[in-house]
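Below: one structure, written as structure tokens.
Laboratory data are not the source of any read-out in this text; all were calculated from the coordinates shown. None of these values were measured; they are calculated from a predicted model. Cβ atoms come from the backbone with ideal geometry, glycine included; neighbour counts cover every protein chain shown.
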Amino acid sequence: MTQRERFRRIMDFKPVDRVPNYELCCWGQTLERWEAEGMPRDLNMNFFEGEPYFGLERRAFLNLSIWLDPPYEYEVLEEDERYIVARYEDGSVTRALKEGTVRGTRPSMDQHISHPVTDRASFEAMKKRFDPRLRTRYPQWFDEWARMWQTRDYPLFLLVNGSFGLYSWLRRWCGTEGISYLFYDDPDLVEEMMDFAVDFLLELIEPALGQVECDAFNYFEDFAGKGGPLISPQIFKKFFLKRYQRINERLNRAGIKYIWLDSDGETWQVIPLLMEAGITCHWPLERASGMDPREVRKLYPTLALAGGIDKMEIAKDRKAIETELYSVLPPMLESGGYLPILDHAFPPDISYDNFLYYLEVKEKLLQTG
């Protein structure tokens, strides 16, 4: 079987000769630690697209320019020894801790101060930066890439991971607090923003759908925390359901059967609605938030899953690594429709030795699963 065939068969709950080996990514602090502990310094370390040195397999992502064009101008508004307040390309203003930042990865989340959309007027102003017809939104040699992908033997996702989501775009535009109020204070504006996002996406991807046969699409949402979703089932039904369905209907007509949704946190309340919307795979199943893939599979046996390996257990010792992998992988691999991946990026408390042992044990189980 090719890598593409294995991916598609896993997503269809069909048997494979071996399960694909994928992972998400690493913190900058993790890479720094691993290099100090003996990892070669000349690796690409793009786990999303694979890393042959570690046996991580190939995936590809159709990289269209989907964000603001032109972007807002980056501007430092305040800075001292510990903090920096800046406006970023997406129009948000944050206060960030400088201490401990490594390769662009901060040890703590930025404090969000403001966002570009606060009302209808500011939304109208921002819309001018979202023209789906700009030639620069497609790579210069896209036709050449499209011809190459016709004979590929690995899976191809439409858009890069993290680029589009209905909730995540609202959050970027308005902030978590801002959009939470707008659902109630100005629902008409929220409807308008969401329809604008859907229209933009569909017009942007239409040329690609006519040239390239993609395998999967991923919504990046992150709309839940440890205590549950940031949107209620009622909000989901009112604002999100029909818009997911509209996008997914077009993707399905283009032959894209596998629709992923990426959200950290505890998403139990909205999983039935995700499935009604046409989501076929949910990930990364954050264990610290109670998202155990074995429990999800019991309640939703037809929903494909990825992730769910507890990163905190992998950080402990070899015995903990063995216990975690041998308890999760055999039952999940036997049930099918599962890709074993860490439940988020590799944090810096995982040593390089633990990482290598994790890969060793995991590969053994993939070959026998």
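Residues whose amide H comes within less than 5 Å of that of residue 50, counting only those at least five positions distant or on another chain, are 59 (H built at 1.01 Å from N in the peptide plane). Assuming charge only on the beta carbon of Lys and Arg (+1) and of Asp and Glu (-1), the dipole of the chain about its Cα centre is about 1080 debye to the nearest 20. Available extension along the chain between residue 46 and residue 211 is 56.8 nm, counting 0.36 nm per residue and deducting the alpha carbon span. Using C-alpha pairs below 8 Å separated by at least 6 residues, the relative contact order for the range 164-273 is 35 percent. Ranked from largest, the principal axis spans of the Cα set of the range 261-369 equal 42, 29, 16 Å. Per-peptide packing, taken as the mean over residues of other Cβ atoms within 10 Å, places 355-363, 117-125 in the sequence 355-363, 117-125 from highest down.
Scaling against 2.2 N^0.38 Å puts the C-alpha radius of gyration of the range 120-246 at 1.20. Listing 334, 286 from fewest to most neighbouring C-beta atoms within 10 Å gives 334, 286. Calculated mean residue ellipticity, 222 nm, the chain: -12000 deg cm²/dmol, from DSSP H runs (n ≥ 4) at -39500 (n - 2.57) each, averaged per residue and rounded to 500.
Over all Cα atoms in the range 1-110, the spread is summed up by Rg and Dmax: 19.3, 57 Å.
Considering the zone a paramagnetic label at residue 191 would reach in this model (a point 7 Å from Cα along the Cα-to-Cβ line), which residues of the range 212-250 have amide N under 19 Å from it? Label zone hits: 232-247. Panel order for 200, 157, by other beta carbons found within 10 Å of each beta carbon, from fewest to most: 200, 157. Working from Cα pairs under 8 Å separated by at least six residues, relative contact order for the chain is 19 percent. Here's the list of lysines a cross-link from residue 14 could span, going by alpha-carbon distance under 21 Å and ignoring same-chain residues fewer than 8 apart: 257, 298, 362, 364. The mean sequence distance of close C-alpha pairs (under 8 Å, at least 6 residues apart), as a share of the length of the range 73-115, puts its relative contact order at 30 percent. Full extension of the chain between residue 133 and residue 363 gives 78.4 nm of extra length, using 0.36 nm per residue less the Cα-Cα distance. Judged by the mean number of other Cβ atoms found within 10 Å, the most tightly packed of the peptides 165-171, 34-40 leads the ranking 165-171, 34-40. Neighbour counting of Cβ atoms within 10 Å sorts the residues 344, 115, fewest neighbours leading, into 344, 115.
For the range 73-115, the calculated P(r) over all alpha carbon pairs, in 10 Å bins from 0 to the bin holding the longest distance, is 31, 59, 10 percent. Taken along its principal axes, the alpha carbon cloud of the chain reaches lengths of 58, 54, 44 Å, longest axis first. Note on the chain: dipole from Cβ charges, positive end direction compared against 15, 166, 283; the farthest Cα belongs to 15. Apply the a/c threshold of 1.5 to the C-alpha gyration tensor of the range 238-289 and tell me whether it is rounded, prolate or oblate. In terms of gyration-tensor shape, oblate. Applying 0.36 nm per residue to the separation of residue 312 and residue 250 and subtracting their alpha-carbon distance, the gain on full extension is 18.4 nm.
In whole Å, what is the distance between the alpha-carbon centres of the range 53-126 and the range 212-226? Taking the Cα centre of the range 212-226 as reference, the centre of the range 53-126 is 19 Å away.
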